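Enquirer: Pasting a structure here, questions to come.
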Amino acid sequence: MTVIEARGLRKAFGSTIALDGVDLHVEEGRILGIIGPNGAGKSTALNAILGLIPYQGELRVLGRNPWTEREQLLRDVCFISDVAILPRWLRVSQAIDYVAGVHPRFDRAKAEAFLAKTSIQRSNKVRQLSKGMVTQLHLALVMAIDAKLLVLDEPTLGLDILYRKQFYDSLLNDYFDRSRTIVVTTHQVEDVEHVLTDLMFIHRGRVVLSCSMEEFESRYLELTVLPDKLPAARALKPMHERQVLGRSILLFPMSPANNSPPLATCAPQASPMSSSPSSATTRAGHKEQLYESSIESRTGVRRAGLRTRHDVSDAALLLVGEA
């Protein structure tokens, strides 16, 4: 089932183009991460999906037009905004009573069961809660709604790393299943990359990359290079470079022809990366040795798959910089 389908989505605020021909396709049971800098158009895209703003182009969410059928749509959609607030005088019990009274699919027992795992008391007022506890309260109220689509706009902004981890662990363990779909925007990419099934990079209202995480991981390769091998590695023209603990980490695109890393297809003058001069053909045949061990093969290069904490965020910065 297609949950979100957008074609040529466009939104302008005066002379400012917030969305410029965005295409988006999200299937049921997927977790999509929308990544981009401030002002990229992430929140505008979410507002269009939720029917909160008019737009140009084609957009269907759960088979409905979000602008003209918003009331029906919001019965199946939940939303946590980056600016979501609760009145400071409100008690937790009153928040539960309120949502139970306004949303037909709210399950009070589920909300109370989630809160029972926290230190939040029903008698607490919002002003007595820490920022992390307020986020837990928001999540408890949202997860207790039997919705098909959950939309999260920077849901953990301002939280420390412990609360961010707890938030996404709860989201996966207590809410997500194959019948539900989640769309999340965030700047803290390292917190969510392990939970995403799909990602979309957006910059200045345009999509610069949209793919599944599996496809993303097969497109790029990271190499950790020893200092004495750095000039030779840079000669291979990496897409991006960063420093970690005194070592350089270089990002390369995989060759589309054979899905091989750059060392396997480089010219013979790249031989300083190897322990002895060799032909490009020989390097291709021994690419696993070249990449898997920097010590045994004495190449000074260690293969790092795209599942490290910074990979997606670095690639996002790269793509945004080149857009």
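The values are calculated or read from the model by the stated rules, or taken from the named source; none is laboratory data. Keep in mind that what you see is a predicted model, and the values were worked out from it rather than measured. Positions of Cβ are generated from backbone atoms using ideal geometry, with glycine treated the same way; all protein chains shown enter the neighbour counts. Areas reflect the complete protein model, heavy atoms only, side chains present, ligands, DNA and RNA absent. Shrake-Rupley method; radii C 1.70, N 1.55, O 1.52, S 1.80 Å.
Enquirer: Can you pull out the residues in the stretch 184-213 that are at pLDDT 85 or above and in contact with a helix residue (DSSP H, G or I) (Cβ under 7 Å, 6 or more places away or on another chain)?
Expert: Within the stretch 184-213, VAL184, THR185, VAL195, LEU196, THR197, ASP198, LEU199, PHE201, ILE202, HIS203, VAL208, LEU209 qualify.
Enquirer: Just give me the residues in the stretch 1-14 being in contact with an Asp or Glu (Cβ under 8 Å, 6 or more places away or on another chain), farther than 13 Å from THR44 by Cβ and open to solvent by less than 80 Å² (accessible area, probe 1.4 Å), in sequence order.
Expert: THR2, VAL3, GLU5, GLY8
Enquirer: Within the stretch 87-98, can one find any residue that is under 20 Å from TYR163 (Cα atoms), open to solvent by less than 30 Å² (accessible area, probe 1.4 Å) and either part of a helix (DSSP H, G or I) or touching a helix residue (DSSP H, G or I) at 6+ places or on another chain (Cβ under 6 Å) (or both)?
Expert: Pass one, the stretch 87-98, residues under 20 Å from TYR163 (Cα atoms): 92.
Within this subset, residues satisfying the condition of being open to solvent by less than 30 Å² (accessible area, probe 1.4 Å) are 92.
Those left that are additionally either part of a helix (DSSP H, G or I) or touching a helix residue (DSSP H, G or I) at 6+ places or on another chain (Cβ under 6 Å) (or both): 92.
Yes, some residue in the stretch 87-98 is under 20 Å from TYR163 (Cα atoms), open to solvent by less than 30 Å² (accessible area, probe 1.4 Å) and either part of a helix (DSSP H, G or I) or touching a helix residue (DSSP H, G or I) at 6+ places or on another chain (Cβ under 6 Å) (or both).
Enquirer: Tell me which residues, restricted to the stretch 38-58, are surrounded by 15 or more Cβ atoms within 10 Å (Cβ to Cβ) and under 29 Å from GLU214 (Cα atoms).
Expert: ALA40, GLY41, LYS42, SER43, THR44, ALA45, LEU46, ASN47, ALA48, ILE49, LEU50
Enquirer: Looking at this structure, is VAL77 under 24 Å from the mean Cα position of the chain (by Cα), aliphatic (A, V, I, L, M), farther than 23 Å from LEU157 by Cα and open to solvent by less than 20 Å² (accessible area, probe 1.4 Å)?
Expert: no
Enquirer: Which ones in the stretch 234-258 are basic (Lys, Arg) and either modelled with pLDDT of 85 or more or in contact with a Phe, Trp or Tyr (Cβ under 9 Å, 6 or more places away or on another chain) (or both)?
Expert: Result: ARG234, LYS237, ARG242.
Enquirer: Further, regarding this structure: Among the residues of the stretch 92-103, is any closer than 21 Å to LEU157 by Cα and polar (S, T, N, Q)?
Expert: No - not one qualifying residue is present in the stretch 92-103.
Enquirer: Condition first: open to solvent by less than 30 Å² (accessible area, probe 1.4 Å) and closer than 25 Å to LEU32 by Cβ. Can you find one or more residues in the stretch 111-122 that meet it?
Expert: yes
Enquirer: Hey, among the residues in the stretch 160-181 that are under 19 Å from the mean Cα position of the chain (by Cα) and closer than 26 Å to ASP97 by Cβ, which one's modelled with the highest pLDDT?
Expert: Ranking the candidates gives ARG180 first.
Enquirer: Taking the stretch 16-43, which residues are farther than 21 Å from LYS148 by Cα and of a type in the set (S, T, N, Q)?
Expert: Answer for the stretch 16-43, where residues must be farther than 21 Å from LYS148 by Cα and of a type in the set (S, T, N, Q): THR16, ASN38.
Enquirer: Could you check the stretch 206-251 and list, in sequence order, the residues that are open to solvent by less than 20 Å² (accessible area, probe 1.4 Å) and polar (S, T, N, Q)?
Expert: THR224, SER248
Enquirer: Could you please find all residues in the stretch 59-74 being open to solvent by 90 Å² or more (accessible area, probe 1.4 Å) and closer than 16 Å to VAL26 by Cβ?
Expert: Listed by number, the list holds a single entry, ARG60.
Enquirer: Being open to solvent by 50 Å² or more (accessible area, probe 1.4 Å) and either among the hydrophobic types (A, V, I, L, M, F, W, C) or in contact (Cβ under 8 Å) with a residue 40 or more places away in the chain (or both) narrows it down to one of HIS194, HIS203, so name that one.
Expert: None of the others qualify; the one that does is HIS194.
Enquirer: Pick from the stretch 127-153 the residues that are open to solvent by 10 Å² or more (accessible area, probe 1.4 Å) and either at pLDDT 90 or above or in a loop (DSSP other than H, G, I, E, B) (or both): which of them is nearest to THR2 (Cα to Cα)?
Expert: Selected residue: LYS148.
Enquirer: From (1) farther than 30 Å from ASN173 by Cα; (2) touching a residue at least 40 places away in the same chain (Cβ under 8 Å), pick out the condition that doesn't hold for PHE13.
Expert: Among (1) farther than 30 Å from ASN173 by Cα; (2) touching a residue at least 40 places away in the same chain (Cβ under 8 Å), the lone unmet condition for PHE13 is (2).
Enquirer: ILE17 versus (1) over 22 Å from the mean Cα position of the chain (by Cα); (2) open to solvent by 50 Å² or more (accessible area, probe 1.4 Å); (3) over 24 Å from HIS187 (Cβ atoms): which is the lone unmet condition?
Expert: (3)
Enquirer: Next question, about the same structure. Show the residue pairs that are 6+ apart or on different chains and have beta-carbon atoms under 7 Å apart, the first residue being within the stretch 91-106 and without any contact (Cβ under 8 Å) to a residue 24 or more places away in the chain, the second being surrounded by fewer than 17 Cβ atoms within 10 Å (Cβ to Cβ).
Expert: ALA100/ARG108
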